[in-house]
Amino acid sequence: MTLGRPVPPPLGTKFNPQQPRQAPAARAATGTRVRAYGATSATSGLVPLEIERREPGPHDVEISIAFCGLCHSDVHTIRGEWRDQRYPLVPGHEIVGRVTRTGEDVSMFSVGDLVGVGCLVDSCRNCDSCNEGLEQYCENGAVATYGAVDQRHGGEITQGGYATAIVVDEKYVLRMPESLDPAEAAPLLCAGITVFSPMQYFGVEASDAVGVVGLGGLGHLAVKIAKALGAVVTVFTTSPDKVEAAQRLGADRVVLSTDAEAMAAARRSIDLIIDTVSARHDLGPYLRTIRRDGALIQVSLPPGGMPPVPLGMLVGRRIAYGGSMIGGIAETQELLDFCAAHGISAEVELVAADRLNEAWDRMVAGDVKYRFVLDVESLNPARNPAAAREEAEGTNNLPDSTESRERNA
C-alpha cells in the first residue's frame, strides 16, 4: 500500500472567487413541478409528493431520472437519526438518468447523455479541499443532494432523487458509462465511491490483503472493487449464510466473526480493513487481524456512535484508525470508468414507488442482496395504479420552498 495517493485533478475550471455564493433573493417563477416520494416528518414514512425544480441556469443540466438507489443513509436522514431535518424532504443520491435540457453555457454534456448525480450538488469551489478535487470535505460546507441549504439558489432545501427530474450544475454531474446497466450502476454513485476512495487513498495494489467487514450494499461492492485492484480479499461476516455469497462475489477467504478460532487464525493477516457495518459494534476483534502499519477505515456512521477503540492495539502495531466519506467529483468519475473497464456494478433489486416503505424496512433488517434501486418510471400513475391511489387519498404536495423554509425555521 502507498499511503496518500493523490486524487485526480478537479473537473472543470475553478470557480470565480468574485462570484457571490449567495444567490439573489428573488427567485424565478418558472420552475417545473415534478412527481416525487418523500417524508413530511420523521415518522410519516415515504408518501407521494410534488416538488419544484428550478429552471436550468447557464451552467445547469436538467436530468430526467430513470433510477435512484436506496441508501441506508436515506433512512438515517429522513428518520432524523443523525440530526433534526426540515420537512417535507425527498431523499436519494444515487441518481441515473438522461439529460433533457442544458443551460446556454454548459460545455460538458448534451441532451440525451446518460449521466449520474451522487451525494453532492455543490460546494464552495474555492477552499483547499475543493481545489484539490476533494469537494466532499469542502471547508465551507458541501451542498448535499438532499436536505442541505443551497445558498447559491436562494437558501432553498435541496431535494433528492426519489423524483422524476432534477437540475444540477454541470460540474457536479457524472458521465455514466453506456456499457453499464444504469440501474445496477446507480449504487456506484454512493456505495461504490465510498469504498473505492479509501482503497485509492491507501494505494491498494496487487497482493495487498484487504478485509471487508459486512456484506451488504457497500460490502459487496468493496469485494468486487478490491478484487479488481488485485488484492487478496477477506470478508468478515456474522452470517453463516453469507459465506457462499461472499465467495461468489470473489472473496478469497470468508471469516465468521462470531467464530473465535476463525478470528484467531486471521490474526495479523490484513493490510487494510474497510468497515461497512452501519450498526454499533466492537472493533477489537478486527483490529487483531491487522498487520503492523495497517489500517481500519470506517465508512459507515452508526447512529449512537461506536464502543471505545482499544488504543493499545493501535499503538502496539502502528495501526491507523480513521474514516472516509464518499469521494470528490473527479474521483467518482474515475470510479465509474474503472467499473466500466472491469465490468463492475451493484447487484440490485428494483423497487416500485409504492413499495418504498417496505424496501426501507427490509433494508434496515438486512433483507436485500444487495441494493434496492427505485424504478422512477413507477412514479408515473399510468404505470403504477397503486401509487396513483396513494396520491389520490390525500394532498401531500410539497409547499412552495419559501413557505417551507418559513414553516421549518
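So which residues in region 69-89 are closer than 30 Å to Met306 by Cβ, in contact with a strand residue (DSSP E or B) (Cβ under 7 Å, 6 or more places away or on another chain) and open to solvent by less than 30 Å² (accessible area, probe 1.4 Å), if there are any at all? Listed by number, the residues that qualify are Gly69, Leu70, Ile78, Tyr87, Leu89. Scanning region 185-220 for residues that are among the small types (Gly, Ala, Ser) and over 23 Å from Leu283 (Cβ atoms), we see that the one that is most open to solvent (accessible area, probe 1.4 Å) is Ser207. Scanning region 230-263 for residues that are open to solvent by less than 90 Å² (accessible area, probe 1.4 Å), of a type in the set (D, E, K, R) and part of a helix (DSSP H, G or I) turns up just one, Lys242. Checking region 261-273 against the condition returns no match, with no residue being closer than 20 Å to Phe372 by Cβ and among the β-branched types (Val, Ile, Thr).
The set of residues from region 152-198 being more than 16 Å from Glu94 (Cβ to Cβ), out of contact with any strand residue (DSSP E or B) (no Cβ under 8 Å at 6 or more places or on another chain), not charged (D, E, K, R) and not in a loop (DSSP other than H, G, I, E, B) comprises just one member, His153. Put simply, of Ser300, Ser207 the only residue that is more than 28 Å from Arg83 (Cα to Cα) and in a loop (DSSP other than H, G, I, E, B) is Ser207.
For region 354-366, does any single residue satisfy the condition of being of a type in the set (Asp, Glu) and either within 24 Å of Ala228 (Cα to Cα) or within 16 Å of the chain's Cα centre (by Cα) (or both)? No; the residues of region 354-366 include none that is of a type in the set (Asp, Glu) and either within 24 Å of Ala228 (Cα to Cα) or within 16 Å of the chain's Cα centre (by Cα) (or both). Among all positions in region 101-115, there is at least one residue which is among the small types (Gly, Ala, Ser), without any contact (Cβ under 8 Å) to a residue 12 or more places away in the chain and farther than 22 Å from Ala352 by Cα. Does Pro182 fit the bill of being out of contact with any helix residue (DSSP H, G or I) (no Cβ under 7 Å at 6 or more places or on another chain) and open to solvent by less than 10 Å² (accessible area, probe 1.4 Å)? It is false that Pro182 is out of contact with any helix residue (DSSP H, G or I) (no Cβ under 7 Å at 6 or more places or on another chain) and open to solvent by less than 10 Å² (accessible area, probe 1.4 Å). Taking the criterion of being assigned to a loop (DSSP other than H, G, I, E, B) and of a type in the set (A, V, I, L, M), the residues of region 64-95 that qualify are Leu70, Val90. The residue that is most open to solvent (accessible area, probe 1.4 Å), counting only those in region 311-348 that are in contact with a helix residue (DSSP H, G or I) (Cβ under 8 Å, 6 or more places away or on another chain) and in a strand (DSSP E or B), is Tyr321. Going through (1) open to solvent by less than 20 Å² (accessible area, probe 1.4 Å); (2) touching a Ser or Thr at 6+ places or on another chain (Cβ under 9 Å); (3) part of a strand (DSSP E or B) one by one, Arg98 falls short only on (1).
Of all residues assigned to region 132-144, at least one qualifies as being without any contact (Cβ under 8 Å) to a residue 40 or more places away in the chain and open to solvent by less than 10 Å² (accessible area, probe 1.4 Å). Only one entry of Ala25, Ala66, Ala42 meets the criterion of being at pLDDT below 90 and open to solvent by 20 Å² or more (accessible area, probe 1.4 Å), and that entry is Ala25.
The values are calculated or read from the model by the stated rules, or taken from the named source; none is laboratory data. In this text the structure is predicted, and so the values were computed from the model without any measurement. Methodologically, a virtual Cβ is constructed for each residue, glycine included, from the backbone with ideal geometry; neighbour enumeration extends over all protein chains shown. Please note that ligands, DNA and RNA were not included when accessible areas were found on the heavy atoms of the full protein model with its side chains. Shrake-Rupley method; radii C 1.70, N 1.55, O 1.52, S 1.80 Å.
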